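The values are calculated or read from the model by the stated rules, or taken from the named source; none is laboratory data. Because the structure is predicted, anything quoted here is derived from the model rather than measured. Cβ atoms come from the backbone with ideal geometry, glycine included; neighbour counts cover every protein chain shown.
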């Protein structure tokens, strides 16, 4: 390959890399902002209880009969919330 062809190929590769990297960076900054907003929305009033074995995050909301929702695997939170609303 001659020098001119190498330079052209380098420019093309650089442009292709920028076409991939820039959208990823822009998308990531939006993703990070959205995730922070979601985290703030769901854990704004939460408190942390540390025990010898576990760390428990909890929040107290609303009035009425206390409801305990446990989550942490396989969509349990969504099912429990739905069940809590259906059994009011």
How many residues of segment 8-55 are surrounded by 10 or more Cβ atoms within 10 Å (Cβ to Cβ), at pLDDT below 80 and not in a helix (DSSP H, G or I)? The answer is 1
Could you please let me know if residue 25 is free of Cβ contacts under 8 Å to residues at least 24 places away in the same chain and outside the structural domain of residue 69 (by TED's automatic domain parsing)? yes
